[in-house]
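Undergrad: Quick one: structure below, then a few questions.
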Number of protein chains: 4
Amino acid sequence: MAKAMEGDGAPVPQRLLAAATRLFAEQGYDRTSVQEIVEAAGVTKGALYHYFGSKEDLLQEVYARVLRLQQERLDAYANADAPIEQRLRDAAADVVVTTIDNLDDAAIFFRSMHHLSPEKNKQVRLERRRYHERFRALIEEGQRTGVFSPATPADLVVDYHFGSVHHLSTWYRPGGPLSRQEVADHLADLLLRALRP
Amino acid sequence: MAKAMEGDGAPVPQRLLAAATRLFAEQGYDRTSVQEIVEAAGVTKGALYHYFGSKEDLLQEVYARVLRLQQERLDAYANADAPIEQRLRDAAADVVVTTIDNLDDAAIFFRSMHHLSPEKNKQVRLERRRYHERFRALIEEGQRTGVFSPATPADLVVDYHFGSVHHLSTWYRPGGPLSRQEVADHLADLLLRALRP
Amino acid sequence: MAKAMEGDGAPVPQRLLAAATRLFAEQGYDRTSVQEIVEAAGVTKGALYHYFGSKEDLLQEVYARVLRLQQERLDAYANADAPIEQRLRDAAADVVVTTIDNLDDAAIFFRSMHHLSPEKNKQVRLERRRYHERFRALIEEGQRTGVFSPATPADLVVDYHFGSVHHLSTWYRPGGPLSRQEVADHLADLLLRALRP
Amino acid sequence: MAKAMEGDGAPVPQRLLAAATRLFAEQGYDRTSVQEIVEAAGVTKGALYHYFGSKEDLLQEVYARVLRLQQERLDAYANADAPIEQRLRDAAADVVVTTIDNLDDAAIFFRSMHHLSPEKNKQVRLERRRYHERFRALIEEGQRTGVFSPATPADLVVDYHFGSVHHLSTWYRPGGPLSRQEVADHLADLLLRALRP
DNA sequence: TATGAATGAGAGTTCATTCAT
DNA sequence: AATGAATGAACTCTCATTCAT
């Protein structure tokens with residue numbers, strides 16, 4: 001008798017977040033109605049507004065979750081005890097794998113960020129900034145120590161790499177010719193090769 | 001006494017396209033109402049529907065215009081009479097310059113493509129594909145002739161580069177520390193360095 | 001086949017205003033839905049929002065109309081060529097008659113003014129103020145010339161009289177024992193008697 | 001650390017009534033949500049519904065309290081051992097002072113009575129009626145004994161006076177040029193002067 | 001070639017009330 | 001005596017599109 005629902009037994013807020021994430025990724029934020037979300041989560045509109053102040057809050061929660069996760073992983077790799085070359089390669093490859101594992105989040109990220117209100121946008125940008133800067137510090141460290149070529153400003157190198165990471169949600173499909181690990185290795189390799197002195 | 005309008009003296013369809021391009025880039029496709037577009041263009045709704053069948057047609061026209069332009073430029077650089085290294089570098093740098101010159105178009109492209117109906121989407125993807133393949137052919141040519149490293153599949157290299165091009169609309173701001181030409185040189189350089197054998 | 005509608009042949013904006021006035025008076029502003037208004041006027045919601053920016057605009061229009069009417073009438077009586085006693089009595093009686101003729105407007109006025117947004121409220125209060133002051137000037141003129149007792153500040157006298165006018169919508173019902181003219185004469189008489197030196 | 005609340009130490013029902021009275025007066029009955037009331041009172045929704053059957057019951061309680069109070073005071077003044085002129089003046093002035101002391105109640109009264117369900121409305125009207133009639137009896141007594149002019153029906157005189165009393169919440173502000181006692185004296189004076197034979 | 005009034009479906013959000021605990 | 005998650009209906013307002021002129 002029961003209809004298929006997003007994570008049937010899970011707590012309501014999680015069910016809502018899961019449904020929203022999938023629908024935002026599939027259809028875009030504006031094209032997804034609150035009605036669709038609550039139907040997919042198997043709850044009523046009232047329940048949604050009991051837990052989230054607005055549809056926009058839901059979007060922000062999606063962001064917050066993925067940002068937290070990626071920052072933690074980057075910190076772990078960046079602070080590891082290994083040569084700088086190894087640490088950058090690991091971090092660069094890991095963000096690819098993690099992004100492929102959460103392609104929906106990534107798709108939402110790069111298409112829907114401008115749907116956030118100015119203040120929320122600002123907050124998300126701030127956290128993005130921290131992430132960007134930790135990554136840049138790795139590149140600068142290698143440039144300072146002569147391991148990486150200083151030919152390109154580190155900022156630009158970061159944007160070069162993350163451009164390709166964001167782009168993944170446009171072309172990568174699970175089941176394609178390359179596994180996520182292969183893609184990650186190739187992209188990290190391209191980055192490291194570009195940085196050779 | 002007249003209010004400022006998009007390309008005041010230009011023909012109505014151009015005025016509408018210019019207004020739509022700006023507004024789609026600023027606010028997103030769904031957030032831009034037909035009313036806003038006609039007001040910005042200084043015409044009435046009836047006029048818009050006289051020239052364009054729907055709001056979506058307007059979006060497709062924006063795409064068609066930029067795709068045509070970029071394909072022409074790529075063809076010119078790719079078919080030039082120069083060593084492969086030079087031709088790839090020129091093409092890679094040119095797409096950066098052209099994208100920065102049309103940041104609005106780029107922003108629309110990577111945020112709003114999924115707003116097109118399936119059939120129009122298909123058509124746009126097809127043209128994108130042609131573009132991608134011409135670029136890939138350049139890389140494969142260099143790999144075949146030993147000028148570029150064959151370590152990474154050419155497809156992936158194309159996506160690596162175009163990821164960073166798409167990403168430009170996220171971070172590049174005119175008036176920043178780097179001119180468009182400097183950015184273009186740096187990004188083309190990164191690509192070529194990554195392809196060194 | 002046609003349903004009963006507010007002023008069937010009249011232009012749409014008038015039909016909407018008439019329907020809104022009646023419903024606001026009967027049920028209050030907040031209790032009246034836009035849906036009810038458009039149904040009573042025999043149009044669709046879209047039509048309402050084509051002519052009025054919001055439900056609140058409709059309310060403001062009701063105010064603006066009645067304020068304009070009453071100010072015109074007061075000016076006519078106050079500027080007439082007659083002894084001050086006569087002019088005050090005429091003005092005082094006329095506002096009673098006019099109010100009874102538009103009991104709906106009056107009811108809305110004294111119950112729903114606080115539903116207007118601060119800026120609109122301010123504007124309405126300003127026009128009310130002008131009306132109040134023209135009336136007060138009449139009383140002060142009589143007090144200065146010794147025709148009326150100066151025992152009570154003119155401001156207070158104005159509020160005394162208008163309190164009873166506002167109150168009409170609470171108790172007066174057409175078809176009661178007193179005609180509107182009789183009520184008007186009595187209330188004007190009370191005012192004049194209170195002002196006897 | 002606790003937030004400021006309505007009558008912090010008082011019993012819950014009183015806290016709720018105080019919060020509701022203030023909010024209804026400030027924003028109107030319909031614009032005040034149950035959530036706002038319970039937050040202002042520092043309790044939860046469940047507590048409100050434990051003591052009051054509905055939001056409307058809360059409104060009726062506000063009415064009942066003020067009606068009880070005013071009836072008691074009127075009875076005291078009306079039944080005093082003093083000349084009719086004195087008793088009317090005292091009662092007329094007292095209702096002004098009491099109203100000014102409870103301007104919130106008055107504002108609610110004259111704006112929100114139509115929000116009560118028909119049956120509750122009826123009951124409130126009945127109590128109002130009793131009050132009105134006690135007051136009218138005073139005027140009739142004076143008219144019968146020749147102390148007051150019989151020119152105006154006593155009913156109308158009552159409405160004349162109470163119109164101005166209701167109107168107080170519209171214009172009177174504590175801290176203005178007239179104290180509540182001065183306003184009361186002036187308004188009682190106007191009534192008595194209007195009734196002079 | 002262009003107008004703008006009108007449509008009608010659907011959007012996000014609010015809210016009084018209930019009920020298992 | 002009190003909680004707070006959940007309901008479900010109603011709310012105001014928006015919008016792409018049509019069509020008589």
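Undergrad: Quick one: Karplus J couplings for the stretch C:146-155, per residue in order, coefficients 6.51, -1.76, 1.60, θ = phi - 60°, nearest Hz, x for Gly and Pro?
TA: In residue order, the calculated couplings are x, 6, 10, 5, x, 4, 10, x, 4, 3 Hz.
Undergrad: Looking only at other chains, what is the average number of their beta-carbon atoms within 10 angstrom of each beta-carbon in A:182-191? Spell out each step's value before the answer.
TA: Working: counts 2, 3, 0, 1, 6, 6, 0, 5, 12, 3.
So the per-residue partner count for this stretch is 4.
Undergrad: Does the stretch A:12-51 classify as rounded, prolate or oblate by the C-alpha gyration tensor (a ≥ b ≥ c root eigenvalues; a/c under 1.5 gives rounded; else a/b over b/c gives prolate, otherwise oblate)?
TA: Values: a/c = 2.11, a/b = 1.60, b/c = 1.31.
Prolate, because a/c is 1.5 or more and a/b exceeds b/c.
Undergrad: Right, next: So what does residue B:171 come to for accessible area, using a 1.4 Å probe and Å² rounded to 10?
TA: 70 Å²
Undergrad: In nm, one decimal, shortest first: how far is the label point of residue D:33 (7 Å from Cα along Cα to beta carbon) from the matching points in the other copies?
TA: Listed shortest first, these distances are 1.9, 2.2, 2.5 nm.
Undergrad: Sticking with this structure for a sec: What is the sum of charges around residue D:188, taking Lys and Arg as +1, Asp and Glu as -1, for the other residues whose C-beta is under 13 Å from the C-beta of residue D:188?
TA: Neighbour charge sum, excluding residue D:188 itself: -2.
Undergrad: Follow-up. Using a Gaussian network model of chain C with C-alpha springs under 10 Å, which one of C:90, C:105, C:30 is most mobile by mean-square fluctuation?
TA: Answer for the Gaussian network model of chain C: C:30.
Undergrad: Write down the accessible area per residue of chain A in Å², having rolled a 1.4 Å probe over the full set of protein chains. Mind dumping the intermediate values first?
TA: Values: 9140 Å² over 197 residues.
Accessible surface, normalised per residue, equals 46 Å².
Undergrad: Another one. Using a 1.4 angstrom probe on heavy atoms only, work out the carbon and sulfur share of the accessible area of the protein assembly as shown in %.
TA: On the way: 18700 of 36620 Å².
The C+S portion of the solvent-accessible surface of the protein assembly as shown is 51 percent.
Undergrad: Sorted by accessible area with a 1.4 angstrom probe, largest first, how do C:33, C:112 fall?
TA: On the way: C:33 50, C:112 5 Å².
Most to least solvent-accessible, the answer reads C:33, C:112.
Undergrad: Select from D:96, D:177, B:162 the residue farthest towards the positive end of the dipole of the protein assembly as shown; place +1 on Cβ of Lys and Arg, -1 on Cβ of Asp and Glu, and compute about the Cα centre.
TA: Projecting each Cα onto the dipole axis, the largest value belongs to B:162.
Undergrad: Also, quick follow-up: Just to be sure I understand: if you take the accessible area of chain A alone plus chain B alone and subtract the pair, with a 1.4 Å probe, what total do you get in Å², rounded to 100?
TA: Working: alone 10780 and 10800 Å², together 18300 Å².
Summing both sides, the interface buries roughly 3300 Å².
Undergrad: Once you have the Cα-Cα distance between residue B:173 and residue B:35, take 0.36 nm times their residue separation minus that, and quote the gain in nm to one decimal.
TA: Numbers: separation 138, 0.36 × 138 = 49.68 nm, distance 2.88 nm.
Difference between extended and current length: 46.8 nm.
Undergrad: Provide an ascending nm list, one decimal, of label-point separations from residue A:68 to the equivalent residue in each further copy; define each label point as 7 Å from Cα along Cα→Cβ.
TA: 5.0, 5.2, 5.9
Undergrad: For the rotation that superimposes chain C on chain A, which residue of C has the C-beta lying nearest to the axis, and at what distance in Å?
TA: Checking which Cβ lies nearest the axis yields C:35, 10.
Undergrad: Can you tell me the relative contact order of the stretch B:12-51? Whole percent, Cα pairs under 8 Å, sequence separation 6 or more. Don't jump to the answer; show the numbers that get you there.
TA: Details: 25 pairs, mean separation 18.7, N = 40.
After rounding, I find 47 percent.
Undergrad: Counting only other chains, and only Cβ atoms inside 10 Å, what mean value do you get across the residues of B:154-162? Don't jump to the answer; show the numbers that get you there.
TA: Values: counts 0, 3, 9, 4, 1, 9, 11, 5, 5.
Neighbouring Cβ atoms belonging to other protein chains average 5 per residue here.
Undergrad: With the label 7 angstrom out along Cα to Cβ, how close does residue C:117 come to the same site in each of the other copies, in nm, nearest first?
TA: 1.6, 3.6, 3.7
Undergrad: Working with all protein chains in place, sort C:21, A:44 by solvent-accessible area computed with a 1.4 Å probe, largest first. Could you put the intermediate results ahead of the total?
TA: On the way: C:21 15, A:44 90 Å².
Order by accessible area, largest first: A:44, C:21.
Undergrad: When only Cα pairs under 8 Å and 6 or more residues apart are kept, what is the percent relative contact order across chain C? List each step's numbers first, then the result.
TA: Values: 179 pairs, mean separation 45.9, N = 197.
Dividing the mean separation by the residue count of chain C yields 23 percent.
Undergrad: Limiting things to C-alpha atoms, what are the Rg and the maximum Cα-Cα separation (Dmax) for the stretch D:55-195, in angstroms?
TA: 15.3, 49
Undergrad: Where does each of B:119, C:85, C:140 land when they are ordered by accessible area, with a 1.4 Å probe and the largest first?
TA: On the way: B:119 140, C:85 95, C:140 70 Å².
Of B:119, C:85, C:140, the descending order of accessible area is B:119, C:85, C:140.
Undergrad: Using the reciprocal of the averaged 1/r over all distinct C-alpha pairs, how large is the Kirkwood radius of the stretch A:45-127 in Å? The partial results should precede the final answer.
TA: Values: mean 1/r = 0.0693 Å⁻¹.
Its Kirkwood hydrodynamic radius stands at 14.4 Å.
Undergrad: Roughly how many Å² of residue A:141 are accessible to a 1.4 Å probe, to the nearest 10?
TA: 50 Å²
Undergrad: Output the Kirkwood hydrodynamic radius of the protein assembly as shown, Cα pairs only, in Å rounded to one decimal.
TA: One decimal place: 33.2 Å for the Kirkwood radius.
The values are calculated or read from the model by the stated rules, or taken from the named source; none is laboratory data. Just so it is clear, the structure is predicted and the values come from calculations on it, not from any experiment. No Cβ is skipped: glycine too gets one built from the backbone with ideal geometry, and neighbour counts run over all protein chains shown. Just so you know, the surface numbers come from the protein's heavy atoms only, side chains and all, with ligands and any DNA or RNA stripped out. Shrake-Rupley method; radii C 1.70, N 1.55, O 1.52, S 1.80 Å.
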